[in-house]
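Novice: Dumping the structure here so I can ask a few things about it.
The values are calculated or read from the model by the stated rules, or taken from the named source; none is laboratory data. Small disclaimer: the values here were computed from a predicted structure and weren't measured. Cβ placement follows ideal geometry from the backbone for every residue including glycine, while neighbour counts extend to all protein chains displayed. Just the protein is used for accessible areas: all its heavy atoms, side chains included, with ligands, DNA and RNA removed. Shrake-Rupley method; radii C 1.70, N 1.55, O 1.52, S 1.80 Å.
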Amino acid sequence: MSIERIRTAVGHVVLMLGVLVSLFPFYWMVVMASNTTPDIFSYPPKLWIGSHLFENMGKVLDNIDFFGSMLLTLIASLGVTVLVLFFDSLAAFAFAKYRFPGRNFLFALLLATFMIPSQLSLVPQFVTLAEFGWIGSLKALIIPGAANAFGIFWMRQYASGAIPDELIAAAKVDGAGFFRQYLTVGLPVLRPGLAFLGIFTFINVWNDYLWPLIVMTDPNRLTLQVALDQLNGVYGTDYSMVMAGALMSVIPLIGVFLIGGRHFIADLAAGAMKF
């Protein structure tokens, strides 16, 4: 056996081990969700999927408005994702391909916001939204997340290398303005970067707990993560029920990741072939 084949085989083994390590937390969540709470704390622990999965899921549906909270979370996640993709890519396109006074200073100021903990902005944002009368509404979940520094930074770095200056120059010769250049030249090339940013943003908003806990004051209108927190009892917790709820909340994210990841790889390969 040649050295090249040995390296390939070792690489495949390492990748398989990495996949198994990555998938084990999800498998363990299924194991806990399909057993009872005493089974979870038994020794030695049970490593196989049990027979109580649907029973535990039924308990989740009995204790919280799961599908109502999921719908609210889905609307908020989609709204924030769409706004982030538009505003962040638009700003990134300007930073990457246009020269204007103060560009470097504004981008440095944008990067400086990474050093500010997000918790420091909770009170000012809440006060501002209270002045607008948005507390308890979907606008309080969507508008504050309409743009973020990470998305602009990521898309700017991607656009700098992915969009040739010759395409921008050709579009200008054809008489295209800024928005037409953005729509016809920038967006088609930026699709792989947008796919990653969309997946990243959607998952972050879906899993957000602190901000919805603060601004959604109506107990009948809670996001999924806040609603799942209600499964924790004051004097005792049915951990199998909690894990069943966590499993139910993760299933949509897996679908989003699979769909978005497929488009990300396809667009990346197509872009590589073009260039």
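Novice: Mind counting the residues in segment 197-217 that are over 18 Å from Ser118 (Cα atoms) and among the hydroxyl-bearing types (Ser, Thr, Tyr)?
Specialist: Final tally of qualifying residues: 1.
Novice: Moving on to the next point. Can you tell me which of Phe257, Phe264, Phe196 is within 30 Å of Met32 (Cα to Cα), modelled with pLDDT under 90 and open to solvent by 20 Å² or more (accessible area, probe 1.4 Å)?
Specialist: Values: Phe264 fails: within 30 Å of Met32 (Cα to Cα); Phe196 fails: within 30 Å of Met32 (Cα to Cα).
Testing whether each residue is within 30 Å of Met32 (Cα to Cα), modelled with pLDDT under 90 and open to solvent by 20 Å² or more (accessible area, probe 1.4 Å) leaves just Phe257.
Novice: Right, another one. Can you name the helices (runs of 4 or more DSSP H) wholly within segment 1-90 that have at least 2 residues being open to solvent by 90 Å² or more (accessible area, probe 1.4 Å)?
Specialist: Qualifying helices (runs of 4 or more DSSP H): 3-33, 53-63.
Novice: Return the pair list, or none, for Cβ contacts closer than 9 Å from residues in segment 92-105 that are modelled with pLDDT of 85 or more to residues that are open to solvent by less than 70 Å² (accessible area, probe 1.4 Å) and among the basic types (Lys, Arg), at least 6 apart or on different chains.
Specialist: Ala92/Arg156; Phe93/Arg156; Ala94/Arg103; Ala94/Arg156; Phe95/Arg103; Phe95/Arg156; Ala96/Arg156
Each row is one residue, and each column tells you yes or no for (1) of a type outside the set (A, V, I, L, M); (2) outside any helix (DSSP H, G or I); (3) farther than 22 Å from Phe202 by Cα.
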| site | (1), (2), (3) |
| --- | --- |
| Ala94 | no, no, yes |
| Phe100 | yes, yes, yes |
| Leu122 | no, no, no |
| Ile135 | no, yes, no |
| Ala147 | no, yes, no |
| Gly151 | yes, no, no |
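Novice: Sticking with this one: Tell me which residues, restricted to segment 125-135, are of a type outside the set (A, V, I, L, M) and open to solvent by less than 80 Å² (accessible area, probe 1.4 Å).
Specialist: Gln125, Phe126, Thr128, Gly133, Trp134
Novice: How about segment 1-40: which of its residues are free of Cβ contacts under 8 Å to residues at least 24 places away in the same chain and more than 30 Å from the chain's Cα centre (by Cα)?
Specialist: Result: Met1, Ser2, Ile3, Glu4, Arg5, Ile6, Arg7, Thr8, Ala9, Val10, Pro38.
Novice: In segment 157-199, what count of residues is obtained for those that are touching a residue at least 60 places away in the same chain (Cβ under 8 Å) and among the charged types (D, E, K, R)?
Specialist: 2
Novice: Hey, does segment 125-140 have a residue that's in the same structural domain as Ile75 (by the TED database), in contact (Cβ under 8 Å) with a residue 40 or more places away in the chain and within 19 Å of the chain's Cα centre (by Cα)?
Specialist: Yes, the conditions are met somewhere in segment 125-140.
Novice: Would you confirm whether or not segment 115-124 contains a residue that is modelled with pLDDT of 90 or more, open to solvent by less than 60 Å² (accessible area, probe 1.4 Å) and small (Gly, Ala, Ser)?
Specialist: No; the residues of segment 115-124 include none that is modelled with pLDDT of 90 or more, open to solvent by less than 60 Å² (accessible area, probe 1.4 Å) and small (Gly, Ala, Ser).
Novice: What is the one condition in (1) closer than 30 Å to Gly50 by Cβ; (2) touching a residue at least 60 places away in the same chain (Cβ under 8 Å) that Arg221 does not satisfy?
Specialist: Of the numbered conditions (1) closer than 30 Å to Gly50 by Cβ; (2) touching a residue at least 60 places away in the same chain (Cβ under 8 Å), the odd one out for Arg221 is (1).
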